[in-house]
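We did not get these values from a lab; they are worked out from the coordinates using the rules stated. Quick caveat, the model's predicted, so the values are computed rather than measured. Cβ: placed from backbone, ideal geometry, glycine included. Neighbour counts: every protein chain shown.
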Amino acid sequence: MPETEEKYVTIEKLVEQIRQSGKPYQLDRILEAYKTADAAHHGQKRHSGEPYITHPLAAAMILVELGMDTESVVAALLHDVVEDTDMDIYEVEKRFGKEVALLVGGVTKLGKIPYASKEEEQAENLRKMLLAMAQDIRVIIIKLADRLHNARTFQYLPDQKRREKALETMDLYAPLADRLGIRRIKEELEDISLRCLDPIAVAEIEAQLAERGERQKFLESIKERIYERIRVEQPNAYIEGRVKSIYGIYRKVYMQGRGFDEVFDIYAVRVIVDTVTECYNILGIIHDMFIPIPNRFKDYIATPKQNMYQSIHTTVIDRAGGTFEVQIRTWDMHYTAEYGIAAHWKYKMGMQGKDKFEERLAWLRQLLESQKEAEGDAGDIVQSIKTDIMPEEVFVFTPNGDVIRLPSGATVIDFAYAIHSAVGNRMVGAKVDGHIASVDTEVQTGMIVEILTSNKSQGPNRAWLNLVKTTEARNKIRAWFKKEKREENIAEGTQMLDRELRRMAVTMTEEQRQAILQIEAKRQHFETIDDLLAAVGYGGVQVSKIAPHIQTEFQRCTRASKNEQQINLKPKKHKASSGVIVEGLEGFLVKFSRCCNPLPGDDIVGFVTRGYGVSIHKSDCINVINGQKDPEQRGRWVHAEWAQSTHSETFQSSIEIIGTNRQGLLADLTMLLNNLRIPLHSFMARDIKDGRASFQVTMEVSDIQQLNYVISQVRGIHGITTVERISG
Ligand code: MN
């Protein structure tokens, strides 16, 4: 093979790789993409001096090796044309279709994310952001292929640049590959980066490995012994030796401070079989052949790792004294371990899968869960999956490249306050992606937002309270108003309260107002009415919380004066006589018959029962008409009338209804009251603790019976727990 061909990927090599894959790639489209990219990048060179086209070709090659689909390979060939040549995304779409354009656009967008080495939390935010930005997971995989080839040619970069890129690769791209379970890319990215970042340690590790050359021979002999033992029972088993990656050793030895010889899994034997049952059979055989070390057994088949990795790991000692790890897995598990999410395309290619959603769920499941295993909190898992399907978070940059995480729907104002309250309070404007934008602009993932501040700023605007999404921003704005603007707060609070009371049709005299507000101020633990109003003004106290109290207090006042006229009705109506005069006398034991349910105002007649007092019927009740015909009973019918001529009067009565709040509860309640044709005076609904709701209903009823009837009907509504008359 000529020297030049060995050095870089050519289209011929790519085509050859595609042929070897045996997969139904659309070669014509791939060749077309190659020609397009080659023409577009014509004349451009890499740092290595090679023609630029070698880079997209190499990225495409990596994707073919991973088993990715035609669209991915085409997109990889075109991945730099939008950024680096005259060709724009519309032309890509026109010539290669929407899907390829989306992939290319996605990769281009990821390339624009600024990165400066940050603490771990920032790196984590960035990784999440990358995932959130990539609507199609293939975008990330293409980006990884892009980065992998760039990493392979890190040596051509100037020192400083190389270090930066290596750090970024280590912090961002290798963990991404890990999350996606693509072990091959992850390990290569880590090893290359480590060589740039800590070449001395790498040299030491390599020297140590070389020194242990006989270990490799030992492992070879172990492999053969295992094979001898299992070949009768498991003729299909495949056995291979494996050396831990350089970075894997580095982590254990240099970062966790273990001795080189304490790392048992530097050398491992891997047994690959067809079925899970065979895995456990092999495990039994291994534990029979060698002595297992306690607590060094991990069953990732029963409990897969979050990136879907499955295998059985066990560390054993050979009777001759050598310690080594054995990994046992099926071929399926092996592909998943090597290719992770990419295994999906490796398998699925050529099949028209309709499981897009399921697929998305699957990868989200594995990658969204943080590496720190949260023990079985299903709620969290569902939440994190949900969060990424319907993104509830956005990631926005400061001009320095810090990532600010905000809930979706957050505005520039939220962003400003998330940086610092002083930034929010002095904000006079903002730039989004370099352009002046209004402060109510909703921020989107990937935006770079710059807050313009001025010492001459008048401070936040009250209207901002309605524009912010985060509690943090709201609280900070309120805190500012609380501190800075007492007079304004009082005026604002007064206005808000008045508006609310008007809405509730509460009109008080100034005297009443002073008295009632003073009561409310005390209740809310304020010294003065102004303190209360100021708190309402800056939002410390919600007007919707205090207005009902004021209304109730107001009603109590007015009812007190109204009741003075009614008060003498009540005892007569409700006490001794039950409101009925029988033969001109009160005080009879009466009961209202169930057959006709007489109400005040009805013409009534009494029937002297044997032992149950006088039962009251409507005069036109069918039982009365029939009963009066009976000569034997005739003498027992007596004259009856209502104690007061109340038939034209109605009384206001209030009830409190408490129930478990549910969708439609309010509607059910109002519908019932409407069906009962009960005139309502007021109706107040509010949430109380524990997901319950309270309703205060003031209505007009003609008498206690009607009220009781309403109460019994309300009790029948699903979810209602208590219904009580409010006395006074
Ligand atoms: Mn590139």
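Of note:
- For the stretch 381-512, alpha-carbon Rg over 2.2 N^0.38 Å: 1.30
- Stretch gain in nm, segment Arg634-Leu680, where the contour uses 0.36 nm per residue and the Cα spacing is subtracted: 12.2 nm
- Per-pair calculated FRET efficiency, R0 = 22 Å: Thr721 and Thr471 via Cβ, rounded to 0.05: 0.10
- Förster radius 45 Å - calculated FRET efficiency between Ala515 and Thr609 (Cβ-Cβ, nearest 0.05): 0.25
- Cα-projected label distance for Tyr156 with Arg231, points at 7 Å along beta-carbon direction, nm: 4.7
- Inter-label distance for His287 and Lys522, nm, one decimal - labels placed 7 Å from Cα along Cα-to-Cβ: 7.6
- Fully extending the segment from Glu700 to Lys98 would add 210.1 nm, taking 0.36 nm per residue of separation and subtracting the current Cα-Cα distance.
- Over 30 Å between alpha carbons, listed pairs Lys7/Lys298; Lys7/Lys35; Lys23/Lys98: Lys7/Lys298
- For the pair Thr558 and Glu16, label points projected 7 Å from Cα toward Cβ lie 9.4 nm apart.
- Subtracting the Cα-Cα distance of Glu32 and Asp274 from their residue separation scaled by 0.36 nm leaves 83.1 nm.
- Cα gyration tensor of the stretch 633-720 - equivalent ellipsoid semi-axes, whole Å, descending: 34, 15, 10
- Note on the stretch 146-232: the alpha carbon radius of gyration divided by the globular reference 2.2 N^0.38 Å gives 1.46.
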